[in-house]
Amino acid sequence: LFLSATICRLRAPEEECLPSRVRNLSADGMMADFTQLAEVGEPVAVTVRGIGTVAGHVAWIRRGRIGVKFDVEVDPLMARKPVGRQVQPPIK
């Protein structure tokens, strides 16, 4: 299951936000496809559906992928919840 996210580089001359494919998501960080230039330690803001926007920093960069360490823990299961209306169970 791949998730999409938006990674915003906060140190760029102007805030630069780019869509990205999340390869791995945990409570304290994520790995995503990212081909833009970035620096280890650079502050970022990541937006993932179901979780919202989370501040963090670039932990590592390798071969078109980026690791982001979140500043706070998130619930990764929230990103996997289905989109749409919740169906209420019938009343007995």
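The values are calculated or read from the model by the stated rules, or taken from the named source; none is laboratory data. Note that the coordinates shown come from a computational prediction; the quantities given were computed from them, not determined experimentally. Cβ coordinates were reconstructed from backbone atoms using ideal geometry, including for glycine residues, and neighbour counts include every protein chain displayed. These area figures cover heavy atoms from the full protein model, side chains too; ligands, DNA and RNA do not enter into them. Shrake-Rupley method; radii C 1.70, N 1.55, O 1.52, S 1.80 Å.
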**OP:** Could you please let me know if V74 is assigned to a loop (DSSP other than H, G, I, E, B), touching a Leu at 6+ places or on another chain (Cβ under 9 Å) and closer than 14 Å to A5 by Cβ?
**Re:** yes
Original post:
Name the residues in region 16-47 that are more than 18 Å from P76 (Cβ to Cβ), assigned to a strand (DSSP E or B) and either among the β-branched types (V, I, T) or open to solvent by 50 Å² or more (accessible area, probe 1.4 Å) (or both), would you?
Top reply: E16, C17, P19
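Yes or no, residue by residue, for (1) at pLDDT below 95; (2) of a type outside the set (A, V, I, L, M, F, W, C); (3) open to solvent by 100 Å² or more (accessible area, probe 1.4 Å); (4) under 11 Å from the mean Cα position of the chain (by Cα):
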| residue | (1), (2), (3), (4) |
| --- | --- |
| R9 | yes, yes, no, no |
| E14 | yes, yes, yes, no |
| R49 | yes, yes, yes, yes |
| W60 | no, no, no, no |
| M78 | yes, no, no, no |
| V87 | yes, no, yes, no |
